[in-house]
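What follows is a short report on a single structure.
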Amino acid sequence: MSSERSSVKELAAVKGTHDILPGEVEVWQAVEASVVGMFGRYGYRELRAPVIEHTELFEKSTGETTDVVQKEMYTFIDKGGRSITLRPEYTPSVARAIVEHRLDLLGTPMRYFYIGPMFRYDKPQKGRYRQFHQIDIEVFGEKDPAIDAEIIEMADSMLVSLGVTGTETLVNSVGCRACRPAFSQALREAAGGVKDGLCGDCRRKMETNPLRIFDCKVEACREQAKVFPQITGFLCPECRDHFAGVRRYLDLYGVAYRVEPNLVRGLDYYTKTAFEVVRLDAGQQNAVLGGGRYDDMMKDFGGPDVCGIGFACGLERLIALVSVKPSPRRFVYVVHSGEAARAKAVELARIFRRGGVETLVEFAGRGFKSQFGRAAKLGAAWVLVVGEDEVAKGEFLLKDMATGTQTSGKAEDLLSSLQRPG
Ligand code: AMP
């Protein structure tokens, strides 16, 4: 008994991962179809990169001092002795693909989207998984603040179109290489003053990358961080103008937002604009989506000097908020009795399916009545009756399960009646 139990446990999904089962998956599909449609209208094209990349890619772009790289990567040595990582985020892969295929030389807009799984060895809890899914969009080669605002507006439209309410859009500027060092120094000094009140991690971050203190989840550190200096007072004229431009365009678009000076985002590569959409009613896992500008990332790992901006939205967190009702599936259930009828049922199912109609035939050898019962239980929209008489006549009975209306006819005529809209 105990060995049986342990074998079931071993066969359970890996901690922090989850199955998306029929019944739920329809909501995922509806959300995905809706966002893909929307991204298309803004000129984005899908770019599919591999799930695995060289570890170095994330160390160089996501940043060696980030929690993602230091604590959360699924990294392994492959049989060829290479260090490989299951991507914890998508932006570095897109940047790599651009450099590798020189997409920047094509002259086409560099607007890409992707939907797929990401992997982070994080402490699993509600809204935080080890395999989770992101909707990711990236724009490269566009410096103007109008594009930052357009992306935030697209995120806003995406949420509106999915019926998401109760969220707030936060924006900030995290400065650039010219202005951030002075801010980092001021932060380091402020953190140094309250060092004993900070967790060990933050004391370390104080030296390596003090901005990361704002990402700390420890309540005491969050409290201390509230009175730390804010980046706003340190922005250079270029970053200040850019941020003013972003806000001007956001106002033009009519997007509601709040400037949050402590928003720094957890990755190293951000420059200038950073933004997040957060749930107003949730605790720590409240970020539905987040993104920002990363003007130096591409050249930092040896690529061309092409700026970028994008966001990633967690699908699990998004789906918990959407009010999308997928339309119920309408399908034909074929009831049949006898050998000849079974063969005919198979043939008819093929004709119907090729004609675009979802059709289900089962072979459990039940009687007619019990097959009708099963069709009703499964929620079939129609039942197609194939008995010996029908086979002999070459005409079959189609019953509309909602209205009870029955129609007799040849397969092609019944199929055309189902193909007619309405
Ligand atoms: P980040 O790349 O950390 O800014 O994450 C972008 C978005 O992905 C977040 O706003 C979340 O919606 C989602 N996300 C990040 N990490 C996880 C996780 N471990 N589990 C579920 N969703 C996540």
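Numbers below:
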item: Fully extended contour minus Cα-Cα distance, from residue 413 to residue 217, at 0.36 nm per residue; result: 64.1 nm
item: Accessible area of residue 240 in the full protein assembly, 1.4 Å probe (Å², nearest 10); result: 120 Å²
item: Local electrostatic count at residue 232 - Lys and Arg +1, Asp and Glu -1, tallied over other residues with Cβ under 14 Å; result: +3
item: Entries of 205/272; 344/369; 15/325; 123/143 with Cα pairs more than 25 Å apart; result: 15/325; 123/143
item: Which of 73, 297 is most accessible, then next, and so on - probe 1.4 Å; result: 73, 297
item: Local electrostatic count at residue 109 - Lys and Arg +1, Asp and Glu -1, tallied over other residues with Cβ under 10 Å; result: +1
item: Structure-based [θ]222 nm, the chain - -39500 (n - 2.57) summed over DSSP H runs of at least 4, per residue, nearest 500; result: -11500 deg cm²/dmol
item: Whole-percent carbon and sulfur share, accessible surface of region 31-148, 1.4 Å; result: 53 percent
item: Sequence of 327, 184 when ordered by accessible area, the most exposed leading, probe 1.4 angstrom; result: 327, 184
item: Segment residue 45-residue 406, extension gain: residue separation times 0.36 nm, minus the distance between their alpha carbons; result: 125.3 nm
item: Long pairs among 126/217; 126/226; 126/195, criterion Cα-Cα beyond 21 Å; result: 126/226; 126/195
item: Measure of compaction for region 332-419 (Cα Rg per 2.2 N^0.38 Å); result: 0.96
item: Angle between the chain longest axis and helix 145-161 axis [Cα atoms, degrees, rounded to 10]; result: 40 degrees
item: Accessible area expressed per residue, region 332-419, with surrounding protein chains retained (probe 1.4 Å, Å²); result: 54 Å²
item: Phi-based couplings in Hz for region 369-378 (Karplus 6.51, -1.76, 1.60; Gly and Pro marked x); result: 4, 5, 5, 4, x, 5, 4, 5, 5, 6
item: Solvent exposure, largest accessible area first (probe 1.4 Å, DNA, RNA and ligands not counted), of 335, 36; result: 36, 335
item: Per-residue HN-Hα couplings for region 248-254 [Karplus 6.51, -1.76, 1.60; θ = phi - 60°; Hz; x = Gly/Pro]; result: 4, 5, 4, 5, 4, 6, x
item: Residue-count net charge about residue 245 - beta-carbon cut-off 9 Å; Lys, Arg +1, Asp, Glu -1; result: -1
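The values are calculated or read from the model by the stated rules, or taken from the named source; none is laboratory data. From a predicted model like this one, the values you see are computed outputs, not experimental measurements. Positions of Cβ are generated from backbone atoms using ideal geometry, with glycine treated the same way; all protein chains shown enter the neighbour counts. To get the accessible areas, we keep the full protein, side chains included, count just its heavy atoms, and leave off ligands, DNA and RNA. Shrake-Rupley method; radii C 1.70, N 1.55, O 1.52, S 1.80 Å.
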